[in-house]
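Chemist: What follows is a single structure, and I will ask about it in a moment.
The values are calculated or read from the model by the stated rules, or taken from the named source; none is laboratory data. This one's a predicted model, so the numbers in the text were calculated from it and none came from an experiment. Every residue, glycine as well, gets a Cβ built from its backbone with ideal geometry; the counts of neighbours run over all protein chains shown. The accessibility values were calculated without ligands, DNA or RNA, using every heavy atom of the protein model including side chains. Shrake-Rupley method; radii C 1.70, N 1.55, O 1.52, S 1.80 Å.
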Amino acid sequence: MRSRFLRGLAGLVLMAGLSVAQAGLSFDYRVSVVWVTFADLSFSSANARYDVHVDVSGQDGDQFPGYKPSVRTGQVGFTWTPGTYSGTSDAFLTLANQVDPGSTGAASADLALNGGTRGAYDFGYDTPAADLGSSFLQVGTAGGRQVLDFRGGGSGLLDAGKLFVLVVFAQGDWTGANASQLQVLGLNPAFNVTDNFSTYNAGLNATVFAASAFSDGSGAFGPDLQFRLLGNAVPVPEPQPAVLLGAGLLAVLVISRRRARARP
């Protein structure tokens, strides 16, 4: 379902542009869809699912050996497959000598156009949340609340002047009365925001963020989106029986001393 959604979204927002050769291939267009999910508002089992689509064009026989997409540290379940060019049935790109990244490594493959001039590839993976400060998807506490921080959005994979689209689905309704519980903390100013977590999709049970920009061609170019979800209040620990007993004995001792001092 997600792969079909990704290809459909790519077809809707694809914009034409002049190709700039990069080692025999042009990387024309990228759409990154991120699904942020969790089990409850303590953000247990929080996970970010990346689904990425990239259009590639060139001359029949053009190659890019040893191509490396950006992959998040801590990812699991990496998949990478050839796809069809956005809005068409063209599927002439092949992937060979693939190396999957593992949890901390780097993905790589040889790309080639065979029998045509356009093709595409799709890759995706899951990144479970870690403690604050140790991952791009982080769970922790702040201001007496449970929080989930997202600090990502993808980078690179495009020639200069080509369109980069980011769509994020944050589980739950963070609009209306809940809008203050979602805080956008940062975004590359080159990106034009078309939906700033202002739309709740009931069918997906998710609030939508969407933005796009034309790449400067650098490997570091990306949305750099950062946002925080505020969840449940941090529970206040119940006093333990031993602590209560100690406090009671101390109170008795203090009262006894005061009475002793008050006697003539």
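Chemist: Show me, for the stretch 167-174, the HN-Hα J-couplings you get by feeding each phi into the Karplus relation (A = 6.51, B = -1.76, C = 1.60, θ = phi - 60°), rounded to Hz, glycine and proline as x.
Modeler: 10, 10, 10, 9, 3, x, 9, 10
Chemist: Still on this model: Express in nm, to one decimal, how much length is gained between Arg151 and Asn232 on full extension, taking 0.36 nm for each residue of separation and deducting their alpha carbon distance.
Modeler: Difference between extended and current length: 27.1 nm.
Chemist: Label point 7 Å out from Ser42 along Cα-to-Cβ: which residues of the stretch 155-178 have amide N under 20 Å?
Modeler: 171-172
Chemist: For the stretch 223-230, take each phi angle, set θ = phi - 60°, evaluate the Karplus expression 6.51 cos²θ - 1.76 cosθ + 1.60, and give the result in whole Hz per residue in order, putting x for glycine and proline.
Modeler: After applying 6.51 cos²θ - 1.76 cosθ + 1.60, I find x, 6, 5, 9, 8, 10, 9, 9 Hz.
Chemist: Under unit Cβ charges (Lys, Arg +1; Asp, Glu -1), what dipole magnitude, rounded to 20 debye, does the stretch 89-177 have relative to its Cα centre?
Modeler: 200 debye
Chemist: In whole Hz, with x marking every Gly and Pro, tabulate ³J(HN,Hα) for the stretch 148-161 from phi via Karplus 6.51 cos²θ - 1.76 cosθ + 1.60, θ = phi - 60°.
Modeler: In residue order, the calculated couplings are 10, 9, 10, 9, x, x, x, 7, x, 6, 9, 7, 4, x Hz.
Chemist: Moving on. Using a 1.4 angstrom probe with every protein chain in place, what is the largest-first accessible-area order of Asp110, Asp149?
Modeler: Asp110, Asp149
Chemist: Next question. Using the Kirkwood radius over Cα pairs, work out the Stokes-Einstein diffusion coefficient for the stretch 68-179 at 4 °C and 1.567 mPa s, in µm²/s as a whole number.
Modeler: Value of D from the Cα-based Kirkwood radius: 77 µm²/s.
Chemist: With the crude spin-label approximation of a point 7 Å out along Cα→Cβ, what separation in nm comes out for Val99 versus Asp195?
Modeler: For the pair Val99/Asp195, the computed spacing is 3.8 nm.
Chemist: Please compute the modelled spin-label separation between Thr73 and Gln183, points set 7 Å along Cα→Cβ, answer in nm with one decimal.
Modeler: Using points 7 Å along Cα→Cβ, the separation is 2.5 nm.
Chemist: Towards the positive end of the charge dipole of the stretch 82-221, with charges on Cβ (+1 Lys, Arg; -1 Asp, Glu), say which of Gly140, Ser218, Gly105 has the farthest Cα.
Modeler: Result: Gly140.
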